[in-house]
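Working notes for the structure below.
The values are calculated or read from the model by the stated rules, or taken from the named source; none is laboratory data. Predicted, not measured: the structure shown is a model, and the values here were computed from it. For neighbour counting, all protein chains shown are included, and Cβ atoms are generated from backbone atoms with ideal geometry for every residue, glycine included. What goes into the accessible areas is simple: the full protein's heavy atoms, side chains included, and nothing from ligands, DNA or RNA. Shrake-Rupley method; radii C 1.70, N 1.55, O 1.52, S 1.80 Å.
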Amino acid sequence: MTALPDWTRPPRPEGWLAEDLDHLPEAPRHTQLIDGALILRLSPQRSWHGRLVTALTTALMAQAPAGFEVEREMTIRLDDRNRPEPDLLLTTLPYDPDRTYYPPDAVHLAVEVVSPESGHRDRTVKLRKYAEAGIPHYWCVDDEDGSPVVHTYELDQPTRAYAPPASSEARSGAPYPSRSASTWTVSSRLGATAEKHAKGPAPCRLGRR
């Protein structure tokens, strides 16, 4: 049996802390911390996933008003024992080239594009943790028969849990406020751009959970 490298051993009995991720140069890229345990991405990433994340990044950046920044693959320090890395996040903090994580109160939207190995975490664990940390909006993007389907969640502040949109229309906890209404709407350009890059057979649609 091959021995585990020394860097994989927690430095303390209670496990890893969020600050430890900044001092693990041997760890693979995209290492996350969930409940004091390191989550390593060891399987190759699908092209579908990479293209879709790029398409969503492009679409969100194109629509970003002043005061919003789009970040790709940056961790969020939810607390001392949790530092997950969403595929995308939307923040109100200005760009800082030396930043390695974001606090949850500066994150307006977290986006996870589901991979085969991340499905349970994205649909259940991160759904709960992002809500408990007070992140107002969460998108979980699934691959359904080759087409990207965006399941959108909005935070219910009193319960600190995510609730689906009240309307069955293509409306969600979207990233930017509409100029003509107090509701938050999803631009059709987002779905069209994602579909074009993911090359699925059907339009990208908004799902409800």
Test of understanding: among T124, T58, T92, which residue is among the hydroxyl-bearing types (S, T, Y) and closer than 25 Å to S43 by Cα? T124
When the range 1-59 is examined, which residues are found to be among the hydroxyl-bearing types (S, T, Y) and surrounded by 11 or more Cβ atoms within 10 Å (Cβ to Cβ)? T8, T31, T54, T57, T58
Filter pass, A110 being surrounded by fewer than 17 Cβ atoms within 10 Å (Cβ to Cβ) and within 20 Å of T152 (Cβ to Cβ): no
Report every pair of residues separated by at least 6 positions or lying on different chains whose Cβ atoms are under 7 Å apart, first residue within the range 96-118 and closer than 12 Å to I76 by Cβ and in contact (Cβ under 8 Å) with a residue 24 or more places away in the chain, second exposed (fewer than 15 other Cβ atoms within 10 Å of the Cβ) and among the polar types (S, T, N, Q). H108/T92
Every residue in the range 1-37 that is modelled with pLDDT under 85 and among the polar types (S, T, N, Q), please. T2, T8
I need every pair where a residue in the range 3-15 that is over 16 Å from N82 (Cα atoms) has its Cβ under 7 Å from the Cβ of a residue that is open to solvent by 100 Å² or more (accessible area, probe 1.4 Å) and of a type outside the set (V, I, T), sequence separation at least 6 or different chains. P5/E26; W7/E26
Could you list, in sequence order, all residues of the range 110-156 that are assigned to a loop (DSSP other than H, G, I, E, B) and at pLDDT below 90? S115, P116, E117, S118, D145, G146
